[in-house]
Amino acid sequence: MCTSDHVETPRRHIPGPVKVLLIVQSFVIAYLGIWMYENYQNDFYFQAYVNASLQGSGFTIVALSSVGIFSAVAMGLYLKLRRTHRELENLILTEHSAPEEQGSSTILEPHVEQHLIQMIRKSTPGGANSESSSMPVLKRENSQA
């Protein structure tokens with residue numbers, strides 16, 4: 001039997017430069033958001049422009065931000081579910097690929113388990129047939145003398 005049977009599931013691979021680009025874009029977007037917030041607090045004309053542009057759409061902003069937050073939470077839970085599903089698949093694959101000659105659930109290899117059973121049988125006096133002589137009898141002694 002092979003000692004290292006490893007089954008890889010096909011999954012999408014994101015190249016390193018793309019990961020770097022995503023991280024850089026995230027930092028740029030965060031920086032511009034912080035810059036716009038500070039500019040909004042300090043510039044009266046920018047405040048007037050934003051307030052005039054978003055005058056009747058306050059409910060829309062709240063609704064869209066709520067949808068965005070709940071979508072992010074749902075995406076996080078979905079990714080956690082996928083990772084847990086993959087871990088369970090790997091566990092199932094390793095359980096089915098393990099040798100099960102005797103059908104017993106044990107952490108020992110079958111030859112080690114068989115050797116231990118033989119050692120136990122050899123160490124018991126009288127073999128497996130005589131039940132009364134195989135177990136020693138303990139006697140209680142009074143030490144209150």
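Odds and ends about this structure:
- Couplings for the range 114-123, taken from phi via the Karplus curve 6.51 cos²θ - 1.76 cosθ + 1.60 with θ = phi - 60°, read 5, 5, 5, 5, 5, 5, 5, 5, 5, 7 Hz in order; Gly and Pro are left as x.
- Length gained when the stretch LEU22-SER53 is fully extended (0.36 nm per residue, less Cα-Cα span): 8.1 nm
- Nearest-0.05 FRET efficiency for SER71 and GLU95, computed from C-beta distance (R0 25 Å): 0.10
- The 3J(HN,Hα) values that the Karplus relation (6.51, -1.76, 1.60; θ = phi - 60°) gives for the range 46-63 are, in residue order, 5, 4, 5, 5, 5, 5, 6, 6, 9, 4, x, 10, x, 5, 5, 5, 4, 5 Hz. Gly and Pro appear as x.
- Cα shape, the range 56-97, gyration tensor, a/c 1.5 rule: prolate
- Taken over the range 15-55, the ratio of Cα radius of gyration to 2.2 N^0.38 Å equals 1.67.
- 3J(HN,Hα) along the range 89-94, derived from phi through the Karplus expression 6.51 cos²θ - 1.76 cosθ + 1.60 where θ = phi - 60°, amounts to 4, 5, 5, 5, 5, 6 Hz, with x in place of Gly and Pro.
Read the figures in this text as sums done on the coordinates, not as results from a lab. Here the structure is a predicted model, which is why all the values come from computation and not from measurement. In this analysis, Cβ positions are derived from the backbone assuming ideal geometry, glycine residues included, and neighbour counts consider all displayed protein chains.
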